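A short write-up of the structure that comes next.
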Amino acid sequence: MRRIGDAPLIRRLLIGAALVLSALFLLLPLVAIFAQAFSQGMLVFWENVSNTFTLHAIGLTLMIALLTIPVCLVFGVALAWLVTRFSFPGRRILQTLIDIPFAVSPVVAGLIYLLLYGRNGWIGSWLDSYDIQLMFSWPGILMVTIFVTCPFVARELIPLMQAQGSREEEAAVTLGASGWTMFRRVTLPNIRWALLYGVILTNARAVGEFGAVSVVSGAIRGKTNTLPLHLEQLYQDYNAVGAFACAALLALIALLTLAAKAGLEWRAAHQEAFA
Amino acid sequence: MSIRLQNIAKHFGNTQALEPINLDIHQGELVGLLGPSGSGKTTLLRIIAGLENPDLATQSGKILFGDRDVTNVHVRDRRIGFVFQHYALFHHMSVYDNVAFGLTVLSRKRRPSSGEIRARVHRLLEMVKLEHLANRYPAQLSGGQQQRVSLARALAVEPEVLLLDEPFGALDAKVRQELRRWLRHLHDEFNFTSVFVTHDQEEALELSDRVVVMSDGRIEQIDTPDELYREPKNRFVFEFLGDVNHLEGKVTNGVLTCGDAYWHVDLPDGHQELLLRPHEVRLTEQPTSESHLPVTITAISPVGAEVRVELEADWLAQPWLATVRHTDFEHMALRRGQRLYAHPRHWRRFPETESKTAEQSRVA
């Protein structure tokens, strides 16, 4: 007796193809980045990284990510709660609307924000009369980053919370728990891994976002340049080692994110085994 | 704590889940809500608990616990214990923490000391015979054990009303039997008022002081199991409480005929439908002058206190079921394909006054 899909030849062929393709398209570029970044030695790499403008870009990128995460976290949990625990007219439409940031090209998102909040924009001109400028400064970068990353947490939570249902929450309330106690002691522990996973994805996207940010930031060196924008500028200036040094930093963040994600998945699978 | 429902109705969108219902449950009673799925029994239970709101349109709708009007009291303040069909244990908490939950969420003023909580949880776990599993997680327990934890958790806050939603529905027959007996014992010992939902008539009849039979969002009958079985108020109740055999035919001059079958019966002329339970059918090898109802045995199931025999005939729209004592079964040497004659010992007739009953008879 042989199981379906167990033909040895096909299996080996598929595994081989998968390995070759991943090496070619995923592993090789990654190695190339680090090879290029260190091509002129550790010292040059360090010089490029410790350059004032690069340091500022790193700082700005991390700040944006740190500000984006809590906003997306609260937004995502609230939205997932709303969609999975209440039934109201327009619920399905809302669930579709959540995906708009995924569906729209980030550049388009950036342009829309520029149109709305730029100095001549609808809301921007009104803000300008109070001397508030959002575009071409960090608040603008933060706004588009939030726009681009806001679905991640909700998207992770909705299917999970739908599958779990509200029975445990109902049980908590019949036992006298207040709304907040129920959330803290029953809901949150049940969704914590998905929540963390959503945060990791949000972080990865916030750090790496290029398209939307490039439209609204103005890319002023030492002022509104994030790491991906800085990288591009260095590359345009024929500073290959500098550009690849930045690329290596971004790749490092990506690798750390992946490691954290794998760790979480392992942890979640482990937890599931007995809880 | 007695429970009194006055004029409680419920709509979900345009569908009416409950017609306006009145129900009195006495202090210390164990009441079963029995009905097929979609009859509104779970909705009714959830309304008593406060997990569902009754229709606001019916202003007169009221729920009273004793003298306390709880219609607008939030579920967390109603002081009820609720046991869910699939246990709804907190998966990330140990058995101990599950049971302790209701005590640890009390406001600081009312919360017992941590030592007292520990003592009380251990007492409860001892009562449900799960003390040795206090540190396990729900997923490590069997279904029956999980349901016992869920009961202990509900009892920890000392509710005056215990509500159970299909408490044994997901368990296998043997565990179910054991838990039923245990719940009855618990109920008698602690003297709370309990309401449970079930679709299993045997469970309802065995466990309840009184049974509320529901269908289509209506209460069909409220009675003790004994009265319910002996004096069903309508055809639905009779059919829902056990297996039923139908005998349909035309009566002329005191003889009911149906195909080549006939039977002397004291009924007015016209079309008649009679209903009888399997144990009300007697089987013999010869017809009598009173009755001639030839049947053929198509299946025999010798499991249980009595042998169940399935009967078919040309004149029957649906097969009949008869129960035979094991001694008679051996004595008559019954076998599949054997031809016999049926004699109704006792029967019932529900005149088709309601349109619903008439509809059912057409289906049959």
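The values are calculated or read from the model by the stated rules, or taken from the named source; none is laboratory data. A quick note: this is a predicted structure, and the numbers were derived from the prediction, not measured. Cβ coordinates were reconstructed from backbone atoms using ideal geometry, including for glycine residues, and neighbour counts include every protein chain displayed. Ligands, DNA and RNA are stripped out before the accessible areas are found, and what is left, the full protein with its side chains, is counted by its heavy atoms. Shrake-Rupley method; radii C 1.70, N 1.55, O 1.52, S 1.80 Å.
Computed over chain A with a Gaussian network model linking Cα atoms closer than 10 Å, the most mobile of A:Val213, A:Val49, A:Val104 is A:Val104.
From a point 7 Å beyond the Cα of A:Met63 in the direction of its Cβ, which residues of segment A:125-142 have a backbone N at a distance under 14 Å? Counting only backbone N, you get A:136-142. In loop segments of segment A:69-170 as defined by DSSP, the trypsin sites (Lys or Arg not before Pro) with at most 14 further C-beta atoms inside 10 Å of their C-beta are A:Arg119.
With every protein chain in place and a 1.4 angstrom probe, the accessible-area ranking of B:His331, B:His122, largest first, reads B:His331, B:His122. Take the Cα radius of gyration of segment B:1-127 and divide it by 2.2 N^0.38 Å, N being the number of residues; the result is 1.25. Other residues whose C-beta falls under 14 angstrom from the C-beta of B:Val157 contribute a net charge of +4, scoring Lys and Arg +1 and Asp and Glu -1. Using every Cα-Cα pair within the protein assembly as shown, state what percent have a distance larger than 32 Å. Every Cα pair in the protein assembly as shown considered, those over 32 Å come to 67 percent. Distance between the C-alpha centres of segment B:96-116 and segment A:1-79: 48 Å, rounded to the whole angstrom. What number comes out for the charge environment of A:Ala254, summing +1 per Lys or Arg and -1 per Asp or Glu over other residues with Cβ under 12 Å away? Within the 12 Å Cβ shell, the charges total +2. From the square roots a ≥ b ≥ c of the eigenvalues of the alpha-carbon gyration tensor of segment A:16-147, which class results: rounded (a/c under 1.5), prolate (a/b over b/c), or oblate? Here segment A:16-147 falls in the oblate category. Mean partner shielding of peptide A:175-188, defined as the number of other chain Cβ atoms within 10 Å of each residue Cβ, is 5.
Of the peptides B:224-233, B:3-12, A:16-25, the order by per-residue mean of other Cβ atoms within 10 Å, starting with the highest, comes out as B:3-12, B:224-233, A:16-25. In this simple spin-label model, placing a label point 7 Å from the Cα along the Cα-to-Cβ direction at both A:Leu28 and B:Lys129 gives a separation of 6.8 nm.
Using the eigenvalues of the Cα gyration tensor, what equivalent ellipsoid semi-axes result for segment B:3-240 when each is taken as the square root of five times the eigenvalue, whole Å, largest first? Spell out each step's value before the answer.
Values: eigenvalues 187, 94, 47 Å².
Listed largest to smallest, the semi-axes of segment B:3-240 are 31, 22, 15 Å.
Per-residue ellipticity at 222 nm, computed for chain B from helices alone with -39500 (n - 2.57) per DSSP H run of at least four residues, works out to -8000 deg cm²/dmol. Loop-located chymotrypsin sites (Phe, Trp or Tyr not before Pro) in segment A:73-111 (DSSP state other than H, G, I, E, B) with a sparse environment of at most 11 neighbouring Cβ atoms within 10 Å: A:Phe86.
Here B:Thr296 sits with roughly 40 square angstrom of accessible surface, probe radius 1.4 Å. The residues B:Ser289, A:Ser214, B:Ser39, sorted by heavy-atom accessible surface at 1.4 Å with ligands and nucleic acids left out, run B:Ser289, A:Ser214, B:Ser39 from largest to smallest. Here the sum of -39500 (n - 2.57) over DSSP H runs of 4 or more residues, divided by the residues of chain A, equals -24000 deg cm²/dmol at 222 nm, to the nearest 500.
For segment A:108-161 versus segment B:164-187, the inter-centroid distance based on Cα atoms is 57 Å. Extension gain for B:Gln6 to B:His185 (0.36 nm times residue separation, less C-alpha to C-alpha distance): 61.4 nm. Residue by residue along B:103-110, Cβ atoms of other protein chains within 10 Å of the local Cβ number 3 on average. Computed from label points 7 Å out along Cα-Cβ, the spacing between B:Asp67 and A:Leu256 is 6.7 nm. Based on the Kirkwood approach, the hydrodynamic radius assigned to chain A is 21.7 Å, with every pair of different Cα atoms included. Taking Lys and Arg as +1 and Asp and Glu as -1, the other residues whose beta-carbon sits under 12 Å from that of A:Gly198 total +3.
Per residue, the accessible area of segment B:74-161 comes to 45 Å² when a 1.4 Å probe rolls over the protein heavy atoms. Beta-bridge orientation, segment B:3-240: approximately 50 percent antiparallel, per DSSP, counting only bridges with both partners inside. With semi-axes defined as the square roots of five times the eigenvalues of the C-alpha gyration tensor, the equivalent ellipsoid of segment B:246-363 measures 26, 16, 12 Å, largest first. Extents of segment A:78-207, taken as max minus min of Cα coordinates on every principal axis and listed largest first, are 56, 29, 28 Å. Chains A and B together bury roughly 1900 Å² of accessible surface, counting both sides and using a 1.4 Å probe on protein heavy atoms.
Hey, for a label at B:Ala173 modelled as a point 7 Å past Cα toward Cβ, could you say which residues of segment B:182-224 have their backbone N under 18 Å away? Inside the label zone: B:199-207.
For B:Met214, nonlocal amide neighbours, meaning residues 5 or more places apart or on other chains whose placed amide H falls under 5 Å from its own, are B:Leu34, B:Gly35, B:Glu220. GNM on chain B, alpha-carbon springs under 10 angstrom: the most fluctuating residue among B:Ala134, B:Ala317, B:Ala156 is B:Ala317. Need one word for segment B:73-149: rounded, prolate or oblate. Basis is the Cα gyration tensor (sqrt eigenvalues a ≥ b ≥ c); a/c below 1.5 gives rounded, then a/b vs b/c decides. Oblate, because a/c is 1.5 or more while a/b does not exceed b/c. Residue by residue along A:162-169, Cβ atoms of other protein chains within 10 Å of the local Cβ number 3 on average. Counting only lysines at least 8 places from B:Lys10 when in the same chain, those with an alpha carbon closer than 25 Å to its own are B:Lys41, B:Lys62, B:Lys233, B:Lys356.
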